[in-house]
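For reference, the structure is listed below as structure tokens.
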Amino acid sequence: MANAEVNVDDAPDLTVRGMSNDTAVRLAEQIDQLNQRLAKIDRLQDSIEAFAAIACDVLDERVASSFTGGGPGATAADERLNGVLLLLERVTRRDSLKALTALAEQAPQFERAATLLAEMPDIVATLVDVMDDWAHRCGNDGVDLVQTLRNGLRLAIWLGQRVDEVDLERLGRFLRSDVMDPHSLEVVGNAATALVACQRDVCGADRPSRAGVLSLIQAIRDPRTQQSLAFAIQFSKAFGELTGKSCRRAGDNQENR
């Protein structure tokens with residue numbers, strides 16, 4: 001900054017314009033104070049310029065010694081500079097800028113993912129607590145959870161080795177059929193119970209029971225036998241109706257093929 005100083009002698013004669021001597025003196029004093037402040041600013045500017053010049057000289061000497069002095073320092077500085085230039089070149093490529101733009105557009109999703117990641121330890125701790133409580137309740141009920149999991153894994157492996165896609169389709173049709181209906185299961189259970197009773201009472205005795213025509217006539221008079229015969233007759237009718245439909249459907253499918 002050039003030295004700025006206001007010369008009072010160069011100022012026009014203010015008394016000519018009707019200004020009093022006291023006012024002119026105060027004005028001159030203020031001009032002197034302004035000149036002193038400007039002189040301080042000039043000295044401060046000169047000091048700053050000198051300090052900046054010294055700093056630039058020191059920095060130039062350090063950089064020059066790093067690159068021209070040889071040794072590990074020069075090699076490391078050269079490698080760092082080359083690495084920075086290579087990184088800048090890669091970042092400013094078209095595909096890199098495109099990727100950075102897409103990355104910036106996905107910033108809200110990354111923020112939500114970061115929030116979820118920060119909450120992940122709490123979620124894992126909650127799941128562990130739930131699993132511990134469930135395992136404790138299973139242990140109180142007498143269930144060996146570890147052995148149960150082992151058996152389930154062995155069963156899955158065993159079925160995976162012996163069941164193919166066709167078997168799985170058949171199993172699916174079996175589960176979707178009326179075989180798993182509660183009434184069907186009840187009838188099958190009653191039939192199994194009756195078979196076990198017959199095996200025990202007739203064939204399991206020391207002297208197996210025998211029956212003839214008279215025994216058959218006498219059994220027909222039993223209300224339980226009559227109910228069983230009614231069930232068998234009704235079953236034969238219903239089964240015959242369904243069997244006829246199945247045969248017709250099979251014939252229709254063959255004709256369509």
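The values are calculated or read from the model by the stated rules, or taken from the named source; none is laboratory data. For clarity, every value in this text was computed on a predicted model and none was experimentally measured. Here Cβ is always computed from backbone atoms with ideal geometry, including for glycine, and neighbour counts include all displayed protein chains.
Considering only residues in the stretch 176-205 that are over 45 Å from the mean Cα position of the chain (by Cα) and assigned to a loop (DSSP other than H, G, I, E, B), the one that is farthest from residue 234 (Cα to Cα) turns out to be 205.
For residue 133, all conditions in the list (1) acidic (Asp, Glu); (2) surrounded by 11 or more Cβ atoms within 10 Å (Cβ to Cβ); (3) under 28 Å from the mean Cα position of the chain (by Cα) hold save one; what is the number of the exception? All conditions are met except number (2). Among residues of the stretch 213-225 that are free of Cβ contacts under 8 Å to residues at least 60 places away in the same chain, those with a beta-carbon under 9 Å from a residue that is of a type outside the set (Gly, Ala, Ser) and assigned to a helix (DSSP H, G or I) at least six positions away or on a different chain give the pairs 219/225; 220/226; 220/229. Only one entry in 135, 125 is at pLDDT 85 or above and not aromatic (Phe, Trp, Tyr), namely 125. Going through (1) at pLDDT below 85; (2) surrounded by 12 or more Cβ atoms within 10 Å (Cβ to Cβ); (3) not basic (Lys, Arg) one by one, residue 31 falls short only on (1). Pairs are defined by a Cβ separation below 6 Å, a sequence spacing of at least 6 or placement on different chains, a first member in the stretch 177-205 that is at pLDDT below 85, and a second member that is not charged (D, E, K, R); the pairs so defined are 178/184; 202/209. The set of residues in the stretch 163-175 being part of a helix (DSSP H, G or I) and either within 35 Å of the chain's Cα centre (by Cα) or modelled with pLDDT of 85 or more (or both) consists of 165, 166, 167, 168, 169, 170, 171, 172, 173, 175. Would you confirm whether any residue within the stretch 81-104 is modelled with pLDDT of 80 or more and outside any helix (DSSP H, G or I)? Yes, that holds for at least one residue.
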